[in-house]
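Derivation of every value follows stated rules applied to the coordinates shown; laboratory data play no part. Here the structure is a predicted model, which is why all the values come from computation and not from measurement. Ideal geometry is used to build each Cβ from the backbone, glycine not excepted, and the neighbour counts take in all protein chains shown.
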Amino acid sequence: MKAVAPVNDAPATTAWRPALAEAELWEGDMTPVVVGGTSVLLLNVDGEVRAYLNRCPHQEWALDEGEFEDGTLTCSRHLWEFDARSGGGINPADCALVSYRAKVEGGTIWVAVT
């Protein structure tokens, strides 16, 4: 599994912190973790790790309570949809998730947060 930096990448000055064992995030799965005091949603999209703030930009509902299917993340509150690969909005298209850089190293998923 590898991690890919999303389009709206976190600043390079943030600290890398361990988030989860690589073996605990299977392809097609999502899981919430707390990294450096921040609630982060980890997703395994086609073998690539993505990390987003675990809050919908609409009303800050926890995204881990929603659905993750076929590369689409859907918020359970008002059914807003996001492309899990990029964090960009699908419905509505003019929104985006807050993303963090992620990497897999030594069997651990690391996330860059402040």
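Yes/no per residue for (1) touching a strand residue (DSSP E or B) at 6+ places or on another chain (Cβ under 6 Å); (2) in contact (Cβ under 8 Å) with a residue 12 or more places away in the chain; (3) surrounded by fewer than 20 Cβ atoms within 10 Å (Cβ to Cβ):
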position: Gly28; (1), (2), (3): no, yes, yes
position: Val34; (1), (2), (3): no, no, yes
position: Glu48; (1), (2), (3): yes, yes, yes
position: Ala51; (1), (2), (3): yes, yes, no
position: Arg55; (1), (2), (3): no, yes, yes
position: Gln59; (1), (2), (3): no, yes, yes
position: Ala62; (1), (2), (3): no, yes, yes
position: Thr72; (1), (2), (3): yes, yes, yes
position: His78; (1), (2), (3): no, yes, yes
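Mind checking which residues of segment 62-114 are among the aliphatic types (A, V, I, L, M), part of a loop (DSSP other than H, G, I, E, B) and closer than 18 Å to Asp46 by Cα?
The answer is Ala84, and nothing else.
Pick from Val98, Val49, Val40, Val34: which is within 20 Å of Ala19 (Cβ to Cβ) and over 10 Å from the mean Cα position of the chain (by Cα)?
One residue alone meets the criteria, Val34.
Which numbered condition in (1) within 23 Å of Thr114 (Cβ to Cβ); (2) more than 11 Å from the chain's Cα centre (by Cα); (3) not β-branched (Val, Ile, Thr) is the only one that Gln59 fails?
Of (1) within 23 Å of Thr114 (Cβ to Cβ); (2) more than 11 Å from the chain's Cα centre (by Cα); (3) not β-branched (Val, Ile, Thr), only one is false for Gln59: (1).
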